[in-house]
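A.B. asks: First the structure, which I've put down as structure tokens, then a few questions once you've had a look.
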Amino acid sequence: MKSYNVLTYGAAGDGCTDDRAAIQAAIDACAADGGGRVLLESGRTFFSSALRLRAQVELHLQKGSVL
């Protein structure tokens, strides 16, 4: 299963910065490639408003990550 790290798409994961656009970009790229896992790394806090999930996309929060 291919993974898409939201940090690669510009998420800060600092709990203050709005990471919605970066997380959504990772979700959209994952869906366009046929699916996989969108990864939010442990030890980080991601701040986001509503996200649109897609078919064949798994939103994976590692232990210790917060959305």
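Where a number appears in this text, it was derived from the coordinates with a stated rule and is not lab data. Just so we're clear, the structure is a prediction, and the values are computed from it rather than from any experiment. All Cβ positions, glycine included, derive from the backbone under ideal geometry; neighbour counts span all protein chains shown.
A.B. asks: What residue, among those in region 32-55 that are assigned to a loop (DSSP other than H, G, I, E, B) and polar (S, T, N, Q), is surrounded by the fewest Cβ atoms within 10 Å (Cβ to Cβ)? Steps first, answer last, please.
C.D. replies: Narrowing region 32-55 to residues assigned to a loop (DSSP other than H, G, I, E, B): 33-35, 41-44, 48-55.
Narrowing further to those that are polar (S, T, N, Q): 42, 48-49.
On the way: Ser42: 11, Ser48: 17, Ser49: 9.
So, considering only residues that are assigned to a loop (DSSP other than H, G, I, E, B) and polar (S, T, N, Q), the one surrounded by the fewest Cβ atoms within 10 Å (Cβ to Cβ) is Ser49.
A.B. asks: Still on this structure: Report, ordered by the first and then the second residue, all pairs with beta carbons closer than 9 Å, sequence separation of six or more or different chains, a first member in region 32-43 that is within 14 Å of Lys2 (Cα to Cα), and a second member that is basic (Lys, Arg).
C.D. replies: Ala32/Arg54; Asp33/Lys2; Gly34/Lys2; Gly35/Lys2; Gly35/Arg54; Gly36/Lys2; Arg37/Lys2
A.B. asks: Would you be able to say whether some residue in region 5-22 is touching a residue at least 40 places away in the same chain (Cβ under 8 Å) and at negative phi?
C.D. replies: yes
A.B. asks: Which count do you get for residues in region 17-31 that are assigned to a helix (DSSP H, G or I) and more than 14 Å from Leu53 (Cβ to Cβ)?
C.D. replies: Residues that pass the stated criteria total 2.
A.B. asks: Being out of contact with any helix residue (DSSP H, G or I) (no Cβ under 8 Å at 6 or more places or on another chain) and assigned to a loop (DSSP other than H, G, I, E, B) is the filter here, so list the residues in region 56-66 that pass it.
C.D. replies: Gln62, Lys63, Gly64, Ser65, listed by residue number.
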